[in-house]
1. Run the quick spin-label model on HIS126 and ARG105: label points 7 Å from Cα toward the beta carbon, then report their separation in nm to one decimal.
2. Count the net charge of all other residues whose Cβ sits under 12 Å from the Cβ of ARG55, scoring Lys and Arg as +1 and Asp and Glu as -1.
3. What FRET efficiency, computed as 1/(1 + (r/R0)^6) with R0 = 25 Å and r the Cβ-Cβ distance, is obtained for ASP133 and ILE96, rounded to the nearest 0.05?
4. Among GLN148, LEU101, VAL52, whose Cα sits farthest toward the positive end of the charge dipole of the stretch 41-159 (+1 at Cβ of Lys/Arg, -1 at Cβ of Asp/Glu, about the Cα centre)?
5. How do 89-101, 108-120 rank on mean C-beta neighbours within 10 Å, highest first?
6. At 0.36 nm per residue, minus the direct Cα-Cα distance, what do ARG152 and ASP69 gain on full extension? Give it in nm, one decimal, please.
7. Can you tell me which lysines have their Cα less than 19 Å from the Cα of LYS99? Leave out same-chain residues fewer than eight positions away.
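Bear in mind that the values in this text are calculations on the coordinates, not laboratory data. This structure is a prediction, so every number in the text was calculated from the model and none was measured. Glycine gets a Cβ as well: all are built from the backbone with ideal geometry, and neighbour counts include every protein chain shown.
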Amino acid sequence: MVESPLSRLSPSGRNHSRMAWMLPPLLLLFGFCQEPASGSLEVKNARMPVPVHSRTAAVYLEIMNSRADSLELVSLSSDISDSAEIHETVEEQGMIRMKSLDSLRILPGELTMKPGGLHIMLKDLHSMPAAGDEIGLTLHFRNEPDLQIQVRVVPAAELL
Ligand SMILES: [Cu+2]
């Protein structure tokens, strides 16, 4: 990789305060942003109840869409599983079950994923996270750059 001024502005180089004034123009120039919140999209309160087995784990979060149009979440990838799906909880003939969605349209405003509703489901975990851990999750959108977030692992009782 070519050594450029940008490489010295990585998040680890926080003591380069002398160069901080250069950051906004550079971000504009390269259309580049490493923060989990871009101007048009913010994810808050991402959490995962401690999984009880390695087959599945649920993730709940809030997405704030500040764009004028809707966002479309098309897929996810996590650092503890190969498979991550968008799930919806539905009631069919008196039975509660989960349905996998191909994509999720997020209207302008706030969308809340919560137990008994929309959620993200990780399958076949490579490792079993414990309360206090953080796992990495990347959200892929059709019409917005990828968003990388950290998900807090919390005791299941915290979600009730
Ligand atoms: Cu599910």
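1. In this crude label model, HIS126 to ARG105 measures out at 3.5 nm.
2. Cβ neighbours under 12 Å give a net charge of 0.
3. The pair ASP133/ILE96 has a calculated efficiency of 0.30.
4. VAL52
5. The packing order, highest mean first, is 108-120, 89-101.
6. 27.0 nm
7. LYS114, LYS123
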